[in-house]
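Engineer: Okay, handing you the structure first.
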Amino acid sequence: MEDKLAIVTGANSGMGLATVIALAKKGINVIMLCRNEERGVKALQIAKDESQSDGIELMIGDLGSIDSIHRFAEAFKTKHNKLDILINNAGVVSLKRQETKDGFESMLGVNHLGHFLLTNLLLDELKASPQGRIVVVSSGAHKWGKIDFEDPYFKSGYNVAKGYG
Ligand SMILES: NC(=O)c1ccc[n+]([C@@H]2O[C@H](COP(=O)([O-])OP(=O)(O)OC[C@H]3O[C@@H](n4cnc5c(N)ncnc54)[C@H](OP(=O)(O)O)[C@@H]3O)[C@@H](O)[C@H]2O)c1
């Protein structure tokens with residue numbers, strides 16, 4: 001079997017870390033996209049220990065920063081010209097209204113817009129794979145989600161449930 005390569009975002013905890021370990025156990029090479037180096041290094045060691053795989057790598061990227069997403073994609077492209085699986089897993093739930101570095105409300109900015117940009121920047125590499133896959137981890141909360149195009153970033157009234165949805 002030809003070596004497969006996956007990127008998992010938000011890979012240092014929760015479902016992201018569990019996904020990295022599961023993919024690595026199947027012999028798939030995995031890049032862990034994490035925003036914090038210290039948490040990333042710790043999680044990388046856990047993933048390697050639990051999967052007994054050497055095919056796991058840590059790359060730093062913050063989905064709350066357009067600049068950081070571009071830098072991540074450029075760094076990826078210097079080393080790889082093909083990506084088999086992109087797992088858009090990272091997510092935030094914020095009780096208080098917060099903004100990304102670019103001024104987007106953080107849940108929309110990180111969970112949706114950041115991944116939208118990352119996916120678009122990696123499309124050529126996904127198309128270069130015989131069976132490229134994009135997996136978007138969402139939430140049942142999408143059922144009550146509706147974008148208010150007049151106020152997409154909740155500048156006039158924030159509500160965590162509405163925002164996350
Ligand atoms: N847990 C649930 O009950 C549940 C239910 C429905 C859907 N989900 C969805 O499932 C996904 C995984 O959730 P989880 O429960 O495993 O959550 P989690 O343990 O909190 O993991 C979220 C991951 O996203 C990362 N992250 C947050 N902001 C980021 C950013 N700006 N750039 C890069 N990475 C960032 C976090 O990194 P840090 O450690 O640096 O913060 C963390 O590694 C999320 O998309 C979540 O919305 C979860």
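Engineer: Kindly rank 16-28, 125-137, 39-51 from highest to lowest mean number of other beta carbons found within 10 Å of each residue.
Structural biologist: Values: 16-28: 19.6, 125-137: 13.9, 39-51: 16.7.
Put in order of decreasing packing, that is 16-28, 39-51, 125-137.
Engineer: Which residue, chosen from V160, V8, G61, occupies the Cα position most advanced towards the positive end of the dipole of the chain, where the dipole is computed from +1 (Lys, Arg) and -1 (Asp, Glu) charges on Cβ about the Cα centre?
Structural biologist: Most positive-ward Cα: V160.
Engineer: Now for a different question. Given 0.36 nm per residue, what is the gain on full extension from R39 to A22 after removing their alpha carbon distance, in nm?
Structural biologist: 4.2 nm
Engineer: Compute the separation of the alpha-carbon centres of the stretch 134-149 and the stretch 1-44 and state it in Å as a whole number.
Structural biologist: Centre-to-centre (Cα) distance: 23 Å.
Engineer: Follow-up question, since we're still on this one. Mind checking which lysines have their C-alpha under 20 Å from K82, skipping anything on the same chain fewer than 8 residues away?
Structural biologist: Counting by Cα, and skipping residues close in sequence, K82 has these lysines nearby: K4, K26, K127.
Engineer: Let me see the P(r) profile for the stretch 59-126: every Cα-Cα distance counted, bins of 5 Å, each bin given as a percent of all pairs.
Structural biologist: Histogramming the stretch 59-126 at 5 Å steps yields 4, 18, 28, 24, 14, 8, 4, 1 percent.
Engineer: Additional query: List the chymotrypsin sites (Phe, Trp or Tyr not before Pro) in the stretch 63-165 that DSSP assigns to loop (not H, G, I, E or B) and whose Cβ has at most 10 other Cβ atoms within 10 Å. Which are they?
Structural biologist: Passing sites in the stretch 63-165 are F149.
Engineer: Right, next: Using R₀ = 35 Å, calculate the FRET efficiency as 1/(1 + (r/R₀)^6) where r is the Cβ-Cβ separation of D3 and L95; round to 0.05.
Structural biologist: 0.25
Engineer: Something else about it: Could you give the dipole magnitude of the stretch 1-137 about its Cα centre, charging the beta-carbon of Lys and Arg +1 and that of Asp and Glu -1, in debye to the nearest 20?
Structural biologist: Numbers: 16 positive and 17 negative charges, 44 e Å.
It comes to approximately 220 debye.
Engineer: May I pose another question? Mind jotting down a quarter of the surface of the convex hull over the alpha carbons of the stretch 5-164, in square nanometres, one decimal?
Structural biologist: 9.6
Engineer: Per DSSP H run of n ≥ 4, the term is -39500 (n - 2.57); total these for the chain, divide by its residue number, and report the mean residue ellipticity at 222 nm rounded to 500 deg cm²/dmol.
Structural biologist: Calculated mean residue ellipticity at 222 nm is -10000 deg cm²/dmol.
Engineer: N120 to D54: FRET efficiency via 1/(1 + (r/R0)^6), r the Cβ-Cβ distance, R0 30 Å, to the nearest 0.05?
Structural biologist: About 0.45, to the nearest 0.05.
Any read-out appearing in this document is the output of simple, stated calculations on the displayed coordinates, not a laboratory observation. Since this is a predicted model, take the numbers as computed values, not measurements. For neighbour counting, all protein chains shown are included, and Cβ atoms are generated from backbone atoms with ideal geometry for every residue, glycine included.
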